[in-house]
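This report refers to the structure that appears directly beneath it.
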Amino acid sequence: MKWFKFGLIFNPENHIDKFGKILFAQSPQTLVFDDFVRIYFSSRTLDDRGKFLSKVYFIDYDLNQHRVINFSTNDVIELGSLGSFDEHGIFPINLLRDNAEIFAITCGWSRRVSVPVETSIGLAKSFDEGRTFQKVGKGPILSSSVSEPMLVGDGFVLKEAESKYHMWYIFGKKWIQSTLNEPPARVYKIGYAISEDIINWKKFDGIQIIEDKLNENECQALPSVIEFNGKYHMVFCYRYATDFRKNKNRGYKLGYAHSIDLKNWTRDDKALGIDQDCDSWELQMMCYPHFFKFRDQVFILYNGNDFGKNGFGLAKLIQE
């Protein structure tokens, strides 16, 4: 594929007057309207104890004039109550138009003692065209199980013509013990589930659908799927399990796979054709990608250095 890069289109530091002081704009994901796209992202804010919380915001973006035209003014979705699976944050949030309804598939996280975090997938619904969302329930719709014992998250849902819902998500394989230089490190892979009603899901428990490229401890995150030209296309990000935060050679890069049946995927990272630019906001890493269509054109949103600290960029597919 060949892409035209528009570069960094949103940096939260440039919009303190709208959002206040927020850190990061991670995992941009879209809800498409006729004349613009609403781009949701997860921030990092600090609680009263100086601990990070992940809250969801959005911007409305005009793809014709390439400018921000609106901002979220209220909490898009509330964090969970004491002890809930999403008590400390929602990251990411994936949006789905289902006929006249708008759903959000959320990844809620909460802190642990021996390891930093645990995650599960929740569901919410909007009654005001995506400006705010109310949770379907207090608990998750997809969580750990016998074969997927930890870190279930990053859900991306697609509804196909046969009225089935398809979800690609990540599940944890293990935690690697901390060392003098590293905190505990997680290892997670991409899995697949199906549903008839978007609430009750059948997981293909413990089955990794994207092969490893680096080694058995490769971490795979944020699957995003789109259909065009008679084939399904998935973009995701991947990295080494350790020494990835500052080491460019071990940090996040974008991966790609294709499929004809939504379950069986062929990995071919080079075919994606979108590489890191030298000496730029994406020099150290590319991560948290999202495919979407607008007026029959294919776009990709993604974060760059420092896991989205400086915001997100945009590219348009110009040749497959």
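Restricting to region 191-207, count the residues that are in a loop (DSSP other than H, G, I, E, B) and surrounded by 16 or more Cβ atoms within 10 Å (Cβ to Cβ).
Within region 191-207, residues that are in a loop (DSSP other than H, G, I, E, B) and surrounded by 16 or more Cβ atoms within 10 Å (Cβ to Cβ) number 1.
Anything in region 214-235 that is surrounded by fewer than 20 Cβ atoms within 10 Å (Cβ to Cβ) and touching a Lys or Arg at 6+ places or on another chain (Cβ under 7 Å)? List them, or say none.
Across region 214-235, the qualifying residue is only Ile226.
Within region 236-258, identify whether any single residue is surrounded by fewer than 13 Cβ atoms within 10 Å (Cβ to Cβ), under 25 Å from Ser147 (Cβ atoms), over 20 Å from the mean Cα position of the chain (by Cα) and among the charged types (D, E, K, R), and answer yes or no.
no
For region 220-232, check the following and say yes or no: at least one residue is free of Cβ contacts under 8 Å to residues at least 40 places away in the same chain and of a type in the set (Lys, Arg).
yes
Among the candidates Phe244, Phe228, which residue alone is closer than 30 Å to Lys316 by Cβ and in contact with a helix residue (DSSP H, G or I) (Cβ under 6 Å, 6 or more places away or on another chain)?
Going through Phe244, Phe228 in turn, the sole match is Phe244.
Which condition breaks for Tyr238 when tested against (1) in contact with a Lys or Arg (Cβ under 7 Å, 6 or more places away or on another chain); (2) assigned to a loop (DSSP other than H, G, I, E, B); (3) hydroxyl-bearing (Ser, Thr, Tyr)?
Evaluating Tyr238 over (1) in contact with a Lys or Arg (Cβ under 7 Å, 6 or more places away or on another chain); (2) assigned to a loop (DSSP other than H, G, I, E, B); (3) hydroxyl-bearing (Ser, Thr, Tyr) leaves (2) as the failure.
Can you work out which of the residues in region 267-284 that are under 12 Å from Gly255 (Cβ atoms) and either small (Gly, Ala, Ser) or at pLDDT 95 or above (or both) is surrounded by the fewest Cβ atoms within 10 Å (Cβ to Cβ)?
Per the stated criteria, the residue is Lys270.
Glu227: among the charged types (D, E, K, R) and part of a loop (DSSP other than H, G, I, E, B), yes or no?
No: the conditions fail for Glu227.
Return the residues of region 78-116 that are free of Cβ contacts under 8 Å to residues at least 12 places away in the same chain and assigned to a strand (DSSP E or B); say none if nothing qualifies.
none
For region 241-262, how many residues are aromatic (Phe, Trp, Tyr), out of contact with any Gly (no Cβ under 9 Å at 6 or more places or on another chain) and assigned to a strand (DSSP E or B)?
Here the count works out to 0.
Kindly provide the set of residues from region 287-320 that are closer than 18 Å to Lys246 by Cα and assigned to a strand (DSSP E or B), ordered by number.
Cys287, Tyr288, Asn303 - these are the residues of region 287-320 that are closer than 18 Å to Lys246 by Cα and assigned to a strand (DSSP E or B).
Considering only residues that are among the aromatic types (Phe, Trp, Tyr) and touching a Gly at 6+ places or on another chain (Cβ under 7 Å), look in region 7-53 and name the one that is surrounded by the fewest Cβ atoms within 10 Å (Cβ to Cβ). Talk me through it step by step, then tell me what you get.
Going through region 7-53, the residues among the aromatic types (Phe, Trp, Tyr) turn out to be 10, 19, 24, 33, 36, 40-41, 52.
If we keep only those that are touching a Gly at 6+ places or on another chain (Cβ under 7 Å) too, we end up with 10, 24.
On the way: Phe10: 19, Phe24: 22.
The qualifying residue surrounded by the fewest Cβ atoms within 10 Å (Cβ to Cβ) is Phe10.
Which residue pairs have Cβ atoms closer than 7 Å, lie 6 or more positions apart in sequence or on different chains, and pair a first residue in region 61-74 that is touching a residue at least 24 places away in the same chain (Cβ under 8 Å) and at positive phi with a second residue that is of a type in the set (Phe, Trp, Tyr) and part of a strand (DSSP E or B)?
His66/Phe6
If a residue must be closer than 26 Å to Leu158 by Cβ, free of Cβ contacts under 8 Å to residues at least 40 places away in the same chain and not in a strand (DSSP E or B), how many such residues does region 263-284 contain?
Initially, region 263-284 is screened for residues closer than 26 Å to Leu158 by Cβ, giving 263-274.
Retained after the next criterion (residues that are free of Cβ contacts under 8 Å to residues at least 40 places away in the same chain): 266, 268, 270.
Retained after the next criterion (residues that are not in a strand (DSSP E or B)): 268, 270.
Of the residues in that region, 2 qualify.
Among the residues of region 144-166, is there at least one that is assigned to a strand (DSSP E or B), modelled with pLDDT of 95 or more, among the β-branched types (Val, Ile, Thr) and within 19 Å of the chain's Cα centre (by Cα)?
Yes: one or more hits.
The values are calculated or read from the model by the stated rules, or taken from the named source; none is laboratory data. Only a predicted model underlies this, so the values are computations on that prediction, with no experimental measurement involved. Positions of Cβ are generated from backbone atoms using ideal geometry, with glycine treated the same way; all protein chains shown enter the neighbour counts.
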